[in-house]
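The values are calculated or read from the model by the stated rules, or taken from the named source; none is laboratory data. What you see is a predicted model, and the numbers here were worked out from it, not measured in a lab. Counting neighbours? That spans all protein chains shown, and the Cβs are built from the backbone with ideal geometry, glycine included. SASA here: full protein model, heavy atoms, side chains in, ligands and nucleic acids out. Shrake-Rupley method; radii C 1.70, N 1.55, O 1.52, S 1.80 Å.
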Amino acid sequence: MKILENVLKTFIDVPDNMLELTNQKIIEVESFGPINEATKLVIGKVLTCEDHPNSDHLHVTTVDLGDRIEQIVCGAPNVAKDQYVIVAQVGTVLPGNFQIKASKIRNVDSNGMICSLSELGFEEKVIPDLYKDGIFYFNEAKPLGTPALAHLAQDGWVMELKLTPNRGDLLSHLGFAYDLGSMTDQPVRLPDIQIEELGNKNPYQVKIETEGCGLYYARYFEHVTIKESPWWLKSALLASDINPINNVVDISNYVLIEYGTPLHMFDAAKLKSKTIVIRDAYPKEKVVTLDEVERELIKDDVCITSHDEVIAVGGVMGLESTMIDEKTTSVLLEAAYFDPKRIQKTSKRLNLRSDSSLRFERGVDPSRVKLGLERATQLLIELADAKVAKGIAEAKNHPYENPWVNIKKDYFNQALGVMIAEEELLSYFDRYRYEVKVEKDSYVLRAPSYRNDLIIEADFLEEVARMYGLDRIPMKSVDKPLPGKLTFKQKRLRHLRHHLSNLGLYEVITYSLLAPEEVHRYNKLGTPVSVLMPLSEDKKTLRQSLVHGLLEVISYNQSRQQESVAIFEMGNCFAEDLEELHLGIALSGPWHQNLWKKEKVTPDFYTVKGILDTLFEPLGISLTYQMSQAVQDFHPYKQATILYQNQILGVIAEVHPSHTKDLDIAPTVLAEISLMPLLEEGPLMSYQPISKFPSITRDLAVIVNEEILASDLLLMIKQTAKKVLVKANIFDIYQGSSIEKGKKSLAFSLVFNDSEKTLTADDIDQIMKKIINRLNFSYQAIVRS
């Protein structure tokens, strides 16, 4: 944000030590200097203009500078007698460090230069056609000898602020004036705006049908004249890095930097209805924005519509179909308050960043919306000859108010290590324009509407420190060491890391950028996100799976004679508007081996499943698995989705043999799981004493159709005998000559125990009978003898 001295002083008296005060008390200053670097420019009047005796294009002029008359040779074709011009005197330094000296031009003395706008540092695209090929001159008389830059509104300084995200209130001159007024104990002057409504009744009405808009005003203007803006307005915009367009559009941009109120001007003749409806966008609704790009909207976007036709993307950008052009004669002026979070998401997703969207994202002051509307109305009457219709069409949805914050009276002094008297503290609150309730042991504070960043006690502490002076706070060490502790999430992640490390797995950190065509190979979280300026095309798009990196590590190690690779990674995976923490595990080559006995453990699908079960079961997390063939590069019959509470969290699989061949690695098994649902703190773990009564173990083998899942049978067994069944495992699956074709045999080991009594053989027989009956009824299971 750039603060201009000429604009700021309309609201408040500007102190001489502006740079020092801003740096120490308000915000860091990025740069500070004059708007225009030219020196000693004055107003002059051309008294005579004659052809140069030794040139066919030069002119010899005499120019009245107020205190003297100088002869100046000028080559501009448009110089003429009686013009009021800008003169660079001898000794003037123009932008680019160009110094004016007395000289002879073709044997004629010349003491100065009559300036063009380009010589004053203006870019050609902003120079009016009338002055592009020659000097600039004023259309009305100006006081001779007075500083010329003041008549172009190019005098004074410009200060660029290095804003932090929380200080959206400083994105306007009025907002900066309020903070400056707090620091210097000055009142802020608001202009007295009087609007004379001479037109007919405002024909428009407004309806809000979305939670994304809290406030909307619409004012109608007729007989609008589109023309160039005056120089004071152009200069203010140029100094703020905004290109002037025409008087109507420039007015909306000027009010933006002046009051921080984003406005939008619609060509009323291009609207198809007198009813303006603010609604959520329809899914896949398409619009063409002012930059002539077609964009697709989603439901979270806010739309401004007329006759259900979108005329603007709320808070972000207008559309080409309703833009102001040279034929515009009637204007509908919009001033609104939109939900900052919605605007931020829309702007980011559409890659549309504008000065207006920036302010909506940071939070516009709702109480200043109508003020901005009135200021723009005043300027449209003054600069565009507009006739204002009677009344403002408006709609209000949900008003926003800053919260009340209760702060103990001793909080500020204890936190800052100083002694600030209550009377002084209350004066700070008054200068900051807080609402204050003084209670016995606390202050209850509410910040003004333009300070939506003050919501907790620490925010108010920072403000008190600024007012008191950070340089006055003593530098001393903290006497009491602060006790630290891990959060629930940190504890859980530490447990997972330690457990996997204890099993012999090594933690790795892999690169999070991939080639765009690879991002959905193993997993699809959503729309890919790519960096704008990648180091290379194969490191352009953010990963949606950890598998790429794990397989790269395996390939790297095995190509360097590291046959056994057992690794894991905890890292974030990304999609548009999404970031998830994942755990990836990969095993390749022999995992454990006994060289003395010449034995090796080669990991398979069930090895990784066992690792996951032993990893999460002590945390009270019971994972289930479901057969899947979703990923083409995984073995079609050795992959499964991982579920927790019926929510898919990830995948466990053996890499397809053809894919391991392409990667030149040994057979590999892996798992990837989203940790997000598993990092939420649940109910406390409960404990129960070990039973003092003996357990009874029974084996059960049943024959079922081969397509029936063992997990389904196991679940039914647990449901049937859940009161006394303490453990149930599958220990055998068999298909062979003694089993009918299309069938398979499943053998279960069941452990029973009752914590209140000793189970008898009859008790177990009855339970086994119930289990067999339910398995037979549901799955036609036959007990194998």
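At-a-glance table
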item	result
Positions within segment 236-272 being buried (at least 23 other Cβ atoms within 10 Å of the Cβ) and among the hydroxyl-bearing types (Ser, Thr, Tyr), in sequence order	252, 254, 259, 261
Qualifying residues in segment 1-30 (those that are in a helix (DSSP H, G or I) and of a type in the set (A, V, I, L, M, F, W, C)) - the one nearest to residue 164 (Cα to Cα)	26
Residue within segment 70-89 that is open to solvent by 40 Å² or more (accessible area, probe 1.4 Å) and β-branched (Val, Ile, Thr) present	no
Some residue of segment 551-559 being closer than 22 Å to residue 665 by Cα, of a type in the set (S, T, N, Q), in contact (Cβ under 8 Å) with a residue 24 or more places away in the chain and exposed (fewer than 12 other Cβ atoms within 10 Å of the Cβ)	yes
Hits in segment 736-764 - residues which are of a type in the set (D, E, K, R) and open to solvent by 60 Å² or more (accessible area, probe 1.4 Å)	740, 741, 756, 757, 762
Segment 105-132: number of residues that are among the aliphatic types (A, V, I, L, M), modelled with pLDDT under 90 and open to solvent by 20 Å² or more (accessible area, probe 1.4 Å)	1
Segment 185-197 residues that are open to solvent by 90 Å² or more (accessible area, probe 1.4 Å), paired with ones that are in a loop (DSSP other than H, G, I, E, B) (beta carbon under 7 Å, 6 or more apart)	189/11; 189/12
Top-ranked residue of segment 646-661 - restricted to ones that are open to solvent by 20 Å² or more (accessible area, probe 1.4 Å) and without any contact (Cβ under 8 Å) to a residue 12 or more places away in the chain, ranked as nearest to the chain's Cα centre (by Cα)	648
Residue satisfying condition, being among the β-branched types (Val, Ile, Thr), open to solvent by 80 Å² or more (accessible area, probe 1.4 Å), closer than 25 Å to residue 624 by Cβ and under 57 Å from the mean Cα position of the chain (by Cα), within set 771, 733, 717	733
Candidate set: segment 219-235, residues that are out of contact with any helix residue (DSSP H, G or I) (no Cβ under 7 Å at 6 or more places or on another chain) and either without any contact (Cβ under 8 Å) to a residue 40 or more places away in the chain or over 23 Å from residue 34 (Cα atoms) (or both); chosen: the one most open to solvent (accessible area, probe 1.4 Å)	223
Filter result (aliphatic (A, V, I, L, M) and either open to solvent by less than 40 Å² (accessible area, probe 1.4 Å) or within 46 Å of the chain's Cα centre (by Cα) (or both)) within segment 133-146	135
Strands (runs of 3 or more DSSP E) contained in segment 517-605 and holding at least 1 residues touching a Gly at 6+ places or on another chain (Cβ under 8 Å) and either within 30 Å of residue 342 (Cα to Cα) or at pLDDT 95 or above (or both)	565-575, 578-588
Test result for residue 33, touching a residue at least 60 places away in the same chain (Cβ under 8 Å), small (Gly, Ala, Ser) and surrounded by fewer than 16 Cβ atoms within 10 Å (Cβ to Cβ)	yes
